[in-house]
Amino acid sequence: MSRKVTFSIIIPMYNEEAVIQETYRRLKKVMSAAGQPYELLFVNDGSKDRSAGIIAEYGYWDETVKLIDFSRNFGHQIAITAGMDYASGDAVIIIDADLQDPPELILQMIDQWREGYEVVYATRSKRKGESKFKLWSAAAFYRILRASTEIDIPVDTGDFRLMDRKVVDQMKRLPENNRFVRGLVSWVGFRQTSIMYDRDERLAGETKYPLRRMIKLCLDGITSFSYKPLKLAGYMGAALSGIGFVFLLYVLYLAAFTHSTMKGWPSLMGILLIFNGFILLMLGILGEYVGRIYDETKGRPLYIVRDMQGFAAGAGGAAGTVAEQPPLPRAGGGQL
């Protein structure tokens, strides 16, 4: 029989070879201080370095270490989802492998959980080691998202959080493909509280959220929780139609009651560009929603697991599939 687990720590990782050993060391230290049974559930999101191999080697002699190895890169939010699918603890904690979120904060989260809170999320008061553009774009992202959605999604808050088992069970029932986990956690409700902290700079390696991925995350958040962009089309369309109608009356007045002729090709082209640009913008917004509907209708699994280590036979996730593969090689045997 497998041992009873109180805490499941989900650690998504992508090319984190430079930092993963320190991440493992600090998590072991923190969870040993917690004094309860735990599991470290590393989700390898298609890394091209030796991240998975290092964790696989730890798993041979450390029974708390478990590895889910994706067949390719499916994305950070999907890696978190896979971790929740396979986590067995009474409380589940999500933390990135880059150590920007301090593992030591987990003990405070556990204290809040024991007081009765079912979600404890970490809110960033400072973000060290990031450019002014990254700080500005992140602040704008959270505030645009909050203004655009009907759900109260906390600002300056990432995926670093603790969730009670009942919250995780509800999260596993949510089937959408373009996932925005922190928004889904807000949507399911339950008693939630926050802890303030200063976010550290990366210990090593490069950020896994460049501008392109930040934009996609922003679009996933807005389109998953808001219809306001679609309503914007109606409001802007009505306003521009009104402006166009007033302009038409002005042209008819000039033609009927004055000898003035309309010379304004530049103004006419300007108006056409404004209207056509607006139409193309709204078509793009509609395309985002239609594309997400298309993704949902495909019925594909969210992820494919190439191999697993540390799980009982027959373990399976709710949203992914497991490919039959031989056991993972030891870390010294080469790159996975």
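List of remarks:
- In the range 26-57, the residues that are within 24 Å of residue 4 (Cβ to Cβ), at pLDDT below 90, not in a loop (DSSP other than H, G, I, E, B) and not aliphatic (A, V, I, L, M): 32
- Residue 124 within 30 Å of residue 154 (Cα to Cα), out of contact with any helix residue (DSSP H, G or I) (no Cβ under 7 Å at 6 or more places or on another chain) and free of Cβ contacts under 8 Å to residues at least 40 places away in the same chain: no
- Per the listing 49, 62, 111, 98, the residue uniquely farther than 21 Å from residue 170 by Cβ, acidic (Asp, Glu) and buried (at least 19 other Cβ atoms within 10 Å of the Cβ) is 98.
- Residue list for the range 76-108, restricted to those being closer than 14 Å to residue 12 by Cα and either of a type in the set (Val, Ile, Thr) or in a strand (DSSP E or B) (or both): 78, 80, 81, 92, 93, 94, 95
- Within the range 174-201, the set of residues being assigned to a loop (DSSP other than H, G, I, E, B) and either within 15 Å of the chain's Cα centre (by Cα) or at pLDDT below 85 (or both) comprises 174, 175, 176, 177, 178, 179, 180, 189, 200, 201.
- Filtered residues of the range 18-45 (kept if surrounded by fewer than 19 Cβ atoms within 10 Å (Cβ to Cβ) and either in contact with a strand residue (DSSP E or B) (Cβ under 6 Å, 6 or more places away or on another chain) or not hydrophobic (A, V, I, L, M, F, W, C) (or both)): 21, 22, 25, 26, 28, 29, 32, 35, 36, 37
- Considering only residues in the range 120-158 that are within 18 Å of residue 108 (Cα to Cα) and surrounded by 20 or more Cβ atoms within 10 Å (Cβ to Cβ), the one that is modelled with the highest pLDDT turns out to be 120.
- Residue within the range 66-75 that is buried (at least 18 other Cβ atoms within 10 Å of the Cβ) and outside any strand (DSSP E or B) present: yes
The values are calculated or read from the model by the stated rules, or taken from the named source; none is laboratory data. Values in this document were obtained by computation on a predicted structure and should not be read as measured data. Cβ coordinates were reconstructed from backbone atoms using ideal geometry, including for glycine residues, and neighbour counts include every protein chain displayed.
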